[in-house]
Each structure stands twice: as C-alpha cells, then as structure tokens.
1. Check whether at least one residue in segment 117-136 is among the aliphatic types (A, V, I, L, M), open to solvent by 20 Å² or more (accessible area, probe 1.4 Å), under 25 Å from residue 153 (Cβ atoms) and out of contact with any Gly (no Cβ under 6 Å at 6 or more places or on another chain), and report yes or no.
2. Would you check which residues across segment 24-59 are among the charged types (D, E, K, R) and not in a helix (DSSP H, G or I) and list them?
3. How about segment 32-57: which of its residues are touching a helix residue (DSSP H, G or I) at 6+ places or on another chain (Cβ under 9 Å), open to solvent by 10 Å² or more (accessible area, probe 1.4 Å), of a type in the set (A, V, I, L, M) and within 17 Å of residue 96 (Cβ to Cβ)?
4. Mind checking which pairs have a first residue in segment 133-159 that is farther than 12 Å from residue 20 by Cα and a second that is of a type in the set (Ser, Thr, Tyr) and buried (at least 17 other Cβ atoms within 10 Å of the Cβ), Cβ under 6 Å, 6 or more apart or different chains?
5. Could you please find all residues in segment 15-29 being of a type in the set (D, E, K, R) and surrounded by 15 or more Cβ atoms within 10 Å (Cβ to Cβ)?
6. Can you tell me which of 157, 107 is at pLDDT 75 or above, of a type outside the set (Lys, Arg) and either more than 17 Å from the chain's Cα centre (by Cα) or more than 28 Å from residue 5 (Cα to Cα) (or both)?
7. What's the number of the only condition in (1) of a type in the set (D, E, K, R); (2) closer than 27 Å to residue 156 by Cβ; (3) surrounded by fewer than 16 Cβ atoms within 10 Å (Cβ to Cβ) that residue 60 fails to meet?
8. Please specify each residue of segment 74-99 satisfying the condition of being surrounded by 12 or more Cβ atoms within 10 Å (Cβ to Cβ), closer than 25 Å to residue 25 by Cβ and among the charged types (D, E, K, R).
Amino acid sequence: MNKKQLLNLYLEGIDLLISKIIPLPEKLLKFMPEIEDAWTIKEHVIHITDSEINGFIRCKSIIAQPGSNCFVMNEETWTKNIRRKNEDINKYLSVFRLIRELTYDLLVDEDEANWDRDYYIRNYHNETVNYTIEKCIDMYTNHLYNHIKFIDRNIGLFK
C-alpha cells in the first residue's frame, strides 16, 4: 500500500467510527460488559481520541525532531484512573474527526524523506520501538479497527 492509500484508509476511519457511535443510545454507550478489564463504548471512544491526539503530536515530532523520544500513555492505567462518566461523547467524536483531518492535512503533501525519519517510542513495557510516519499512520489505522471490534462486542452483549 502506498502512502496516499494509507492516508486515505486512515481518513476513512473518521466516518467508520462516527457512523457506528452516533445512533447508539446513551445506555449502550455506558454499558459495561461483565468481562474482566472491559471498557464501555464511551471509554473506547475517549481512549481512541486521546490516542489520536498523541498520534498527531508524534507525526509532527517525527518531522520537527527526528531521532527524539515521545510520551507514551499506558492505556489500561489511563482508563482505570480516569473513569469517564460525564464527558460529552459528541465533543470527543468532533475532536477525533478534527485530529484525523489535521493529521491528514499535515502529511498528505509532506516530503517523502520525512516519512522515513526515525523516531523512538519507549512504551510502557519499557521497550524502545523505532517509528516512522508510515508506521505511525499504520498503527493508528489498526488501533481504530481493533477498538471497533471491542465496540461491536459490547453492542452484541448489550441486552
């Protein structure tokens, strides 16, 4: 897959998430499956948005500060310690849309050489991982699809 196709797939994630979430009733958004370490759909959406914000900064950092390290959030700890109750999910969906569009706009005409610049992430397992813009966009595209599976699971378990 070339970079333009990857970016287009990344951008398509906006409508995928929003069209799935908008029709859901509030009770389903807050439904917690009886599964260990499960999240509500609302928590998934907020986590996805938090991650997208980090992704935007990572992509800019790869261009602006190649070879540097970045902040990594431990998603389990964040979700456990910031139990989302009253946030407006529509605001998060708006931010998700905006961040993905901004990331696309940043990268669509970016110099090809910058797509392969090295950037380092020390994850919460204390491993250092080399990233590039291409790896970042691929990761965030797959990240959304992974969370969509959990959202679909919650929808299926809701009674």
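1. Start the filter on segment 117-136 by keeping residues that are among the aliphatic types (A, V, I, L, M), which leaves 121, 129, 133.
Next cut, open to solvent by 20 Å² or more (accessible area, probe 1.4 Å) only: 129.
Retained after the next criterion (residues that are under 25 Å from residue 153 (Cβ atoms)): none.
Among the residues of segment 117-136, not one is among the aliphatic types (A, V, I, L, M), open to solvent by 20 Å² or more (accessible area, probe 1.4 Å), under 25 Å from residue 153 (Cβ atoms) and out of contact with any Gly (no Cβ under 6 Å at 6 or more places or on another chain), which makes the answer no.
2. Of segment 24-59, the ones among the charged types (D, E, K, R) are 26-27, 30, 34, 36-37, 42-43, 50, 52, 58.
Listed by number, the residues that qualify are 30, 34, 36, 37.
3. Within segment 32-57, 53 is the sole residue that qualifies.
4. 137/10; 141/10
5. Taking segment 15-29 as the starting set, the residues that turn out to be of a type in the set (D, E, K, R) are 15, 20, 26-27.
20, the sole residue that qualifies.
6. Values: 107 fails: either more than 17 Å from the chain's Cα centre (by Cα) or more than 28 Å from residue 5 (Cα to Cα) (or both).
Exactly one of 157, 107 is at pLDDT 75 or above, of a type outside the set (Lys, Arg) and either more than 17 Å from the chain's Cα centre (by Cα) or more than 28 Å from residue 5 (Cα to Cα) (or both), namely 157.
7. Against the list (1) of a type in the set (D, E, K, R); (2) closer than 27 Å to residue 156 by Cβ; (3) surrounded by fewer than 16 Cβ atoms within 10 Å (Cβ to Cβ), residue 60 comes up short only on (2).
8. Within segment 74-99, 84, 87, 97 qualify.
The values are calculated or read from the model by the stated rules, or taken from the named source; none is laboratory data. Remember, predicted model here, so these are calculated numbers, not experimental data. Glycine also receives a Cβ, built like all others from the backbone with ideal geometry; neighbour counts cover every protein chain displayed. These accessible areas exclude ligands, DNA and RNA; they are computed on the full protein's heavy atoms, side chains included. Shrake-Rupley method; radii C 1.70, N 1.55, O 1.52, S 1.80 Å.
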